[in-house]
Amino acid sequence: MTAHTLFEKVWRAHEVVPETPETPAVLYVDLHLIHEVTSPQAFSVLKSLGLPVRRPGRTLATMDHSTPTASEQVFGNVPIRVDAAAKQVRQLELNAADFGVELFGMRDARRGIVHVISPQLGATQPGMTIVCGDSHTSTHGAFGALAFGIGSTEVGHVFATQCLLQRKPRTFAVNVEGKLPPGVTAKDLILAIIGKVGVSGGTGHVFEYRGSTIRALSMDERMTICNMSIEAGARAGMVAPDEVTFEYLKDKPRAPQGAHWEAAVERWRGLVSDAGAAFDAAVDIDAARLEPMITYGTNPGMVVPISAPIPDIAGDAIYDKALGYMGFHRGDAMLGKPVNVVFIGSCTNGRLEDLQAAARVLKGRKVAPGVRLLIVPGSQQIKADAEAAGLAEIFKTAGADWRESGCSMCLGMNGDTVSAGQYAVSTSNRNFEGRQGVGARTLLASPLTAAASAVRGRITDPRELM
Amino acid sequence: MEPLKRVHSRTVVLPLSNVDTDQIIPARFLTTTTKEGLGRQLFADWRYRADGTPNPDFVLNRADARGCQVLVAGRNFGCGSSREHAPWALVDYGIRAVISTEIADIFRSNALKNGLLPITVDDATAAWLLDHPGAEVDIDLGAARLTLPTGTAVDVPIEAFARHCLMNGLDELGFLRSKLPDIERYEAARGA
């Protein structure tokens, strides 16, 4: 019997029509997540063709990118600042109602970042195919799902047929062994992986994260890892489901219940790469040797261990441009550089464990004078959980701005932005030029490093405050 | 969609690698609910100065860039977000082909659905193109061939089905909908 990878098993189970040299595969989509930014043009296509959403029961909508995070705007009568954003939110409400799609609207307790709420509901399950008009859909691969981002035209394809036309990607084993040292988190691990593989090293591939380090990670941590697969160019990243996965999903509202649960777990146990299954590419990472990581440039691959200097690279235009944009110099130490803004949140690091990590550093401490610390939970549920656990109180006492959920300052669509020239240590996923605001300078790091840097007002190794 | 068989144009060269979709069109312009008119915001933060006037140093603002339909860029063009606004903005501006040694997966897929050719070439061809801004190139989709003004012709891989759709002006959704009987059988077999 041929040995198959996890990816191949999920792919084959969803092939409605296999690919041929002339035509891509018709791939069935189990769960279609949508949000306000990439769906309106797809709904317009349905309207123009007079088509319904074919499987509304497999479609779940929320609003996260353009939504405000200030409580008075979410729950009060203060309007959304940007007219176009307000219109986009309204358009999703209209489209969801017209097409019978379930929507977690502005004031719904289940609302949040699309990649945070679906796992919390138990809607994300092992072995599924999951797509969304959003590149960080790779997050859901943490459950052993094949999950990837698509464009708006493809959102329309899924609406109309519940399928996509896809060429089969290649496979890439990311083998991680060893115990992560104290103060070194899943975020540091994925930044190190991107640094090693490069920002296009995964293009055309699906990652499978494997090895003892990955097995030892919680679901929140696995989601952080899979989330940033796209930053290495891979459309998807997967982790084989195991007891950690099943424990997380058990009794979640949309997970299988009762007798269905046992049957599902039995099925999910088969979702592992067979011994001897061949991957098209592989990389090995020694987790025990890692340090907290931080980016110095304008893509997530421009990353160094926090105690290391900025590398000295000759004859690379993008490196020169990046240092110019960041106002850094080759050979500079990262530790001690001044910080203006700290953002803790996003689909990468806006889950409860991320907030708990930040609280460990912030408890009994204050944000440095002149530094703005914005903490945005990944969902309203996480907000409630963090408040019940006393984390919000720790944040507010420290001087942080504690908000309603959303994508917020990860990409600044809702007005939560970093000013030109300012330095922001951010737990988000992209440090592209202008990502957090025109002229904003982003340094990606873990929630521990972000919180420590907020306290000191400078880039700080979190192990000094633990 | 109009059939697209050939692009013949001078090139405009953006000699940077890892040009991400946030540069192609910054997130603050994504609050639109349509796909029209995004060309004005193409490369907005590089193309315009803080006061909104054109930045004369940016390649697209140079006089000889006018009318160029082929953009040559460094490796890994279009990385980052899945926003289809990126190819919408490029096409609305007038670009019909992007040439690089490597093009990010989601951008490539989105481009092909909007009449924008994502062309990957070998290092030597890319180096020549980067060194010769304004070169008049010919992309023949039927032959899957890029011809340089030197007469050198190189094969350019374009996914067969997308090429068929582009050349015949077909919408991929039509093909996908023709598979609905297969999709229904699949669902019935799974008990979905």
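The values are calculated or read from the model by the stated rules, or taken from the named source; none is laboratory data. All figures in this text were calculated on a predicted structure; none of them were measured in a lab. Because the Cβ atoms are built from the backbone with ideal geometry, glycine has one as well, and the counts that use them run over all protein chains shown.
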Over region A:157-184, the set of residues farther than 13 Å from A:Val26 by Cα, of a type outside the set (Val, Ile, Thr) and part of a loop (DSSP other than H, G, I, E, B) is A:Pro169, A:Gly178, A:Lys179, A:Leu180, A:Pro181, A:Pro182, A:Gly183
Exactly one condition in (1) away from every other protein chain (no Cβ under 14 Å); (2) among the aliphatic types (A, V, I, L, M); (3) surrounded by fewer than 17 Cβ atoms within 10 Å (Cβ to Cβ) is not met by A:Ala263; state its number. (1)
Quick one: which of A:Lys179, A:Lys168 is over 21 Å from the mean Cα position of the chain (by Cα), over 22 Å from A:Arg430 (Cα atoms), surrounded by fewer than 23 Cβ atoms within 10 Å (Cβ to Cβ) and within 13 Å of another protein chain (Cβ to nearest Cβ)? A:Lys168
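Residue-wise test of (1) under 30 Å from A:Asn431 (Cβ atoms); (2) in a helix (DSSP H, G or I).
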| residue | (1), (2) |
| --- | --- |
| B:Leu60 | yes, yes |
| B:Leu71 | yes, no |
| B:Val91 | yes, yes |
| B:Pro118 | yes, no |
| B:Pro149 | no, no |
| B:Pro157 | no, no |
| B:Ala162 | no, yes |
| B:Leu170 | no, no |
What is the number of the single condition among (1) within 20 Å of A:Met128 (Cβ to Cβ); (2) of a type in the set (Gly, Ala, Ser); (3) part of a helix (DSSP H, G or I) that A:Ala288 does not meet? (1)
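Residue-wise test of (1) within 8 Å of chain A (Cβ to nearest Cβ); (2) on the phi < 0 side of the Ramachandran plot; (3) not aliphatic (A, V, I, L, M).
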| residue | (1), (2), (3) |
| --- | --- |
| B:Cys79 | yes, yes, yes |
| B:Leu90 | no, yes, no |
| B:Gly94 | no, no, yes |
| B:Phe107 | no, yes, yes |
| B:Thr125 | no, yes, yes |
| B:Glu172 | yes, yes, yes |
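Please tell me if A:Gly144 is more than 14 Å from chain B (Cβ to nearest Cβ), under 29 Å from A:Val26 (Cβ atoms) and either without any contact (Cβ under 8 Å) to a residue 60 or more places away in the chain or crowded, with 24+ Cβ neighbours inside 10 Å (or both).
On the way: more than 14 Å from chain B (Cβ to nearest Cβ): yes; under 29 Å from A:Val26 (Cβ atoms): yes; either without any contact (Cβ under 8 Å) to a residue 60 or more places away in the chain or crowded, with 24+ Cβ neighbours inside 10 Å (or both): yes.
Yes; evaluated as a whole, the condition is true for this residue.
So which residues in region B:96-119 are β-branched (Val, Ile, Thr) and within 24 Å of A:Asp134 (Cα to Cα)?
B:Val98, B:Ile103, B:Ile106, B:Ile119
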Among the residues that make up region A:76-94, is at least one of them in the same structural domain as A:Val155 (by TED's automatic domain parsing), assigned to a strand (DSSP E or B) and more than 24 Å from A:Ala236 (Cβ to Cβ)? no
A:Asp220 passes all but one of the listed conditions (1) part of a helix (DSSP H, G or I); (2) within 14 Å of chain B (Cβ to nearest Cβ); the exception is number (2)
Please work out which one of (1) touching an Asp or Glu at 6+ places or on another chain (Cβ under 7 Å); (2) more than 20 Å from A:Thr213 (Cβ to Cβ) is the condition A:Ile306 fails and give its number. (2)
Evaluate the following for A:Thr397: is it of a type in the set (Ser, Thr, Tyr), surrounded by 19 or more Cβ atoms within 10 Å (Cβ to Cβ), out of contact with any Lys or Arg (no Cβ under 7 Å at 6 or more places or on another chain) and at pLDDT 95 or above? no
Return yes or no: is A:Ala173 under 19 Å from the mean Cα position of the chain (by Cα) and either closer than 27 Å to A:Leu290 by Cβ or away from chain B (no Cβ under 12 Å) (or both)? no
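To keep it simple, each residue is scored yes or no on (1) under 18 Å from A:Met413 (Cα atoms); (2) more than 8 Å from chain B (Cβ to nearest Cβ); (3) touching a strand residue (DSSP E or B) at 6+ places or on another chain (Cβ under 8 Å).
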{"position": "A:Phe7", "(1), (2), (3)": "no, yes, yes"}
{"position": "A:Arg12", "(1), (2), (3)": "no, yes, no"}
{"position": "A:Val17", "(1), (2), (3)": "no, no, yes"}
{"position": "A:Gly76", "(1), (2), (3)": "no, yes, no"}
{"position": "A:Val82", "(1), (2), (3)": "yes, no, no"}
Going through region B:83-112 one residue at a time, which ones are over 9 Å from the mean Cα position of the chain (by Cα) and among the basic types (Lys, Arg)? B:Arg83
In the list A:Ser39, A:Ser44, A:Ser71, which residue meets the criterion of being of a type in the set (Ser, Thr, Tyr) and in contact with an Asp or Glu (Cβ under 6 Å, 6 or more places away or on another chain)? A:Ser71
Can you pull out the residues in region A:396-420 that are part of a loop (DSSP other than H, G, I, E, B), of a type outside the set (Ser, Thr, Tyr) and either touching an Asp or Glu at 6+ places or on another chain (Cβ under 7 Å) or within 11 Å of another protein chain (Cβ to nearest Cβ) (or both)? A:Gly406, A:Cys407, A:Leu411, A:Gly412, A:Met413, A:Asn414, A:Gly415, A:Ala420
May I ask you to list the residues in region A:35-57 that are under 17 Å from A:Cys132 (Cβ atoms), of a type in the set (A, V, I, L, M) and not in a helix (DSSP H, G or I)? A:Val37, A:Val53
